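Accompanying notes for the structure given below.
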Amino acid sequence: MGTVPSAGVIGTLPTSLLRLPAALVLAACAGPGRSPDGPPAAADLVLRGGAVYTVDAARSWATAVAIRNGRIVFVGTDSLPAGLVGPETDVIDLGGQMVLPGFQDNHVHPISSGVELGECNLNDANTAAEVADLIRSYAAAHPHLSWIRGAGWQLPLFPAANPSKALLDRLVPDRPAALDAADGHSAWVNSTALALAGITRDTPDPPNGRIERDPRTGEPSGTLRESAIDLIVRVLPDRTDAELAAGLERAQRLANGFGITTVFAAVAGEPHLRTYAAADRSGTLTFRVVAAMPADAVEGDSLVPLLAQWRTRYATPRLRPIAVKIFEDGVIEARTAALLAPYLDRHGDAGQPIYDATALDRLAVELDRAGFQIHVHAIGDRAVRMTLDAFARAGAQNGAKDARHTITHLQLIDPADIPRFRALGVVANFEPLWANGSEYLTTLAEPALGPRRSRWQYPIASVVRTGAVVSGGSDWSVSSLNPLDAIEMGITHRPPDQLGRAPWNPAERVDLPTMIALYTINAAYAHHQDRETGSIEAGKLADLVVLERNLFEIPVERIHEVRATRTLLVLCPIND
Ligand SMILES: [Zn+2]
C-alpha cells in the first residue's frame, strides 16, 4: 500500500479489509482537484483482470482501473502504462469479477428504515398470522417499552387493506401500539393508542387523511391513512439522537454491503440532518448523502427561508441538503392517489391532491427561485400532471436553469404527459422493484383503474424512449435496498420466485444497460454529482463496487443472487 498524502485524509486503504467479502474500503484522498500532469506517478491501488463496465457515454468496457489520491487515474486494459504500478502500489487481481460505479439510490429513507430494523419489523411476514405472531413475540420480548412500535405490514394481507384494532388489542393489550404499513401511507393502531391520541367516532378526518371506521358504528376501526397518521405521531415519544444514530449505522452497513455509495435521503427533517452531519464530522458516514428536507402543506412557501438555513447549517463534505421533498398525493392502494378520472370502486371519487394547483405552483416557484432541487412524490396521473405543470411554471417564471427537479414513484402517468419529462428537463425516478405484478397491483390497484389505465403504470420504457433522464430508487424500507433486486425486476417484471409467470406489463421492461444506468450515472445526474461520480472515468472519484459475477454473462433471473464483494468509497468531498 502506497503512502497517502495527509491533506484531507481520514483513513488509509486498510489492506486487510480488502480481502474480506463485502467489505467497505475507504480510499483516502488528497482533497479536491485532479492529479497533476506530468509523468505518471504510481497508483495507490490497481484493480486488474476485471470486467469493468464503465458506464461512460460510450458504455465502454475495460479490465483495469488505477486509483491515486482517491481519484481514478487510469481506465484501460491490463497492459498498464509504465510507472503506474510502483513498489508500494496495491495490485488486486479480480479474476474476472465485475466492476461498476458505486450504486446510487435516488430515493431511500436510510435513518427511519434503520430505526425500524431495530423495532417490530414486519417486512418479511407473508400472512396475517405471521404478522400477528411477530407482534405478539416482539411485545413479549420487550416488556420495558412504553409503546410497541414497528413497521412493514403488507396491505394485501388484510381485508380491504384494513387491519383492525380488535386484533391488535389482543396482541398488545397492555400498552399503546402503532405499526406503520410497508408503504408508510397507513398505520395500524390499537385502542390504547387511539385513546391516548383522543381519536373517537366524533373526530373528523383531517385534510388529506382518513380514519377508517366501522361502517355500522362510526367508531375508528384501527387503520389510519396519510395525514391521519399524524394524530398518532403527535403522541409518540420522539426518537433520541442515539436511536437515530443507531438507525443510520444499520442502514449504511446494509447499503455498503450492496455496493451503494450514494443515497438520496428522501425525507430528512432537522433531527436526521443533525444525525448525518454528526456522523460525517466523526468520520463514520460511509455513503454520500443528498438530503431532501420536508416541505409542509400547511406552511407552504413560508418555510423556504428556514430550509435555506438548514441547507447551509448542515452541509458537510458528504452531506448535501440541497433538495426539498413535496408529497402531492398518496397511494392507489389506499385510494389516496390523485387521479384524472375516478377510482372505479369509489363512486366518482378520484382522490385529492395534497396541494391544490395554486399552492403547488407557488411553492415550486419559490423553491426553484431559492435554488433548491424539488423532489415530488406523485403516484396518480393527476398528481403527476400537476407537478409537471408546477415545474413548467417555475421555469417560466424564474428562467430556465439546470434544476433537475424530480418526480418520484410515478405509478400512473397519462400517456400525454410522458414526453413532458424530457421537454421540461424533469428527472423521472422510478422504483423498478414495484413493477412486479404483485397483489398491490393485481388486487388493490388494477381493479380500481381498469385495463386501459393500468397499462400506463410504471411506464419506464416509454419514458426512457423519450430521452428523459430516468433514475432508480428503492424507497427502502418500502422495498428491498439491494439495487440488484430492482435491476433484475426492471428487466423481468416478475419476482424471482415466480419464474413461470408471464411478465407483468411487459411493454415497459427495459434492458440491463438501462437498468445499470438508473442506479449509477443517471442517479448521479439527478442529484448533480455526474461530473464526479456515476461512471468509471479518469478524473472521477473512485466510488466503485466489485460484483462477484459479470451481470452480462449470467441469466437475467440470477442477477439478484450476485453479491457485492467490495465497495470502495472515497472520503473526499464532491467538487460542486
Ligand atoms: Zn419514499
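Per-structure values
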{"quantity": "Size of electric dipole in the chain: Cβ of Lys, Arg +1 and of Asp, Glu -1, about Cα centre, debye, nearest 20", "calculated": "600"}
{"quantity": "Calculated P(r) tail over 22 Å for the range 419-576, as whole % of Cα pairs", "calculated": "46"}
{"quantity": "Acute angle (nearest 10 degrees) that the helix 381-398 long axis makes with the longest principal axis of the chain, alpha-carbon atoms", "calculated": "60"}
{"quantity": "Separation of the residue 284 and residue 512 label points, Cα + 7 Å toward Cβ, nm", "calculated": "3.9"}
{"quantity": "Accessible-area value, residue 111, 1.4 Å probe, nucleic acids and ligands omitted, Å²", "calculated": "0"}
{"quantity": "Restricting the range 97-161 to GluC sites (Glu not before Pro) in coil, as DSSP defines it, with at most 10 other Cβ within 10 Å", "calculated": "none"}
{"quantity": "DSSP-defined antiparallel bridges as percent of all bridges, the chain, nearest 5", "calculated": "40"}
{"quantity": "Shape of the range 257-332, Cα gyration tensor, a/c cut at 1.5", "calculated": "oblate"}
{"quantity": "Heavy-atom accessible area ranking, 1.4 Å probe, most first, across 75, 510, 298", "calculated": "298, 75, 510"}
{"quantity": "Value of relative contact order over the chain, rounded to a whole percent, pairs C-alpha under 8 Å and six or more apart", "calculated": "19"}
{"quantity": "For the chain, fraction of C-alpha pairs farther apart than 41 Å, in %", "calculated": "23"}
{"quantity": "Estimated 222 nm signal from helices in the chain, with DSSP H stretches of n ≥ 4 weighted -39500 (n - 2.57), rounded to 500", "calculated": "-7500 deg cm²/dmol"}
{"quantity": "0 to 90° range, to nearest 10: angle between helix 483-492 axis and the chain longest Cα axis", "calculated": "70"}
{"quantity": "Globularity index of the range 71-124, i.e. its alpha-carbon radius of gyration over 2.2 N^0.38 Å", "calculated": "1.99"}
{"quantity": "Angle between the chain longest axis and helix 357-369 axis [Cα atoms, degrees, rounded to 10]", "calculated": "20"}
{"quantity": "Residue 253 - accessible surface, heavy atoms, 1.4 Å probe, Å² rounded to 10", "calculated": "150"}
{"quantity": "By average C-beta atoms within 10 angstrom, highest first, the peptides 300-308, 517-525, 333-341, 198-206", "calculated": "517-525, 333-341, 300-308, 198-206"}
{"quantity": "Difference of contour (0.36 nm per residue) and Cα-Cα distance, residue 312 to residue 91", "calculated": "75.5 nm"}
{"quantity": "Semi-axis lengths, Å, the range 415-466, gyration tensor of Cα atoms, sqrt of 5 times eigenvalues", "calculated": "23, 13, 8"}
{"quantity": "Cα gyration tensor shape of the range 510-555, rounded if a/c is under 1.5, else prolate or oblate by comparing a/b with b/c", "calculated": "oblate"}
{"quantity": "Shape category assigned to the range 271-381 from the gyration tensor of Cα positions, a/c cut at 1.5", "calculated": "prolate"}
{"quantity": "Local net charge near residue 419, Cβ-Cβ under 13 Å (Lys/Arg +1, Asp/Glu -1)", "calculated": "+2"}
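The values are calculated or read from the model by the stated rules, or taken from the named source; none is laboratory data. Please read these numbers as outputs of a predicted model, since none were measured by experiment. Here Cβ is always computed from backbone atoms with ideal geometry, including for glycine, and neighbour counts include all displayed protein chains. Accessible surface areas use protein heavy atoms only, side chains included; no ligands, DNA or RNA. Shrake-Rupley method; radii C 1.70, N 1.55, O 1.52, S 1.80 Å.
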